[in-house]
Amino acid sequence: MNTFIKEINDETLRQLPKVAGAYVLVIELSADLTLQNKRFAGATLAKGTYLYCGSANGPGGIAARVKRHCKVDKKPHWHVDELTSNGAGQVVSVLVVPGGNECVLRAALQEPESQVSVPGFGSSDCTDCASHLINASVGEIAVVLARIAGAA
């Protein structure tokens, strides 16, 4: 069952499913962020709200992956780590979709008003998506994530 967790805290993180699937992180950047990753070096993300679509198919499933993304101090591994490490940004909400696919979620989230922030971000192994990171307005996020969470 799809679940939208509106507020990330210790209690809600404990409720995440330990199964394979996909997720959408709602990340708030409190200031502009210039990316350092060699592939995206120099690209700047403006202060604001971003949606990142990811998948978790390894041990611990969605719970382990989302908990890792919520940690501030971690060794960078995925593109999104640059947004969620060292105080750059904060995961504020998450949509979890057990058995889901990150590319299907990304396609469902792409609204006419949303923008691809950095081409190729989070989608280096994907041939269908321009990016798995989308810049979005707060109103758009609430409507779209509610629609997806309600889908079976």
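The values are calculated or read from the model by the stated rules, or taken from the named source; none is laboratory data. Please read all numbers here as calculations on a predicted model, not as lab measurements. FYI the Cβ positions are ideal-geometry reconstructions off the backbone, even for glycines, and counts take in every protein chain you see.
Values as computed for the structure displayed
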| item | result |
| --- | --- |
| Number of the exception - D73 against (1) surrounded by fewer than 16 Cβ atoms within 10 Å (Cβ to Cβ); (2) at pLDDT 90 or above | (2) |
| Check on G48, over 21 Å from S131 (Cα atoms), out of contact with any Pro (no Cβ under 6 Å at 6 or more places or on another chain) and surrounded by 11 or more Cβ atoms within 10 Å (Cβ to Cβ) | no |
| Segments classed as strands (runs of 3 or more DSSP E), wholly inside the range 1-109, with at least 2 members that are within 24 Å of T127 (Cα to Cα) and in contact with a His (Cβ under 7 Å, 6 or more places away or on another chain) | 48-56 |
| Subset of the range 114-137 (residues that are at pLDDT below 75 and either in contact with a Gly (Cβ under 9 Å, 6 or more places away or on another chain) or of a type in the set (G, A, S) (or both)) | S114, S117, S123, S124, S137 |
| Residue count, the range 1-27 (criterion: of a type outside the set (A, V, I, L, M, F, W, C) and more than 17 Å from V92 (Cα to Cα)) | 4 |
| Residue within the range 90-99 that is farther than 13 Å from Y23 by Cβ, of a type in the set (S, T, Y) and either modelled with pLDDT of 85 or more or in contact with a strand residue (DSSP E or B) (Cβ under 6 Å, 6 or more places away or on another chain) (or both) present | no |
| Residues of the range 89-109 classified as among the polar types (S, T, N, Q) and surrounded by fewer than 17 Cβ atoms within 10 Å (Cβ to Cβ), total | 2 |
| Single residue of A56, A107, A64 found to be among the small types (G, A, S), touching a Gly at 6+ places or on another chain (Cβ under 8 Å) and without any contact (Cβ under 8 Å) to a residue 40 or more places away in the chain | A56 |
| Residues located in the range 1-42, provided they are closer than 21 Å to E102 by Cβ, surrounded by fewer than 16 Cβ atoms within 10 Å (Cβ to Cβ) and at pLDDT below 90 | M1, K6, N37, R39 |
| Filter result for the condition that a residue is under 19 Å from N2 (Cβ atoms) and not polar (S, T, N, Q), over P76, P59, P98 | P98 |
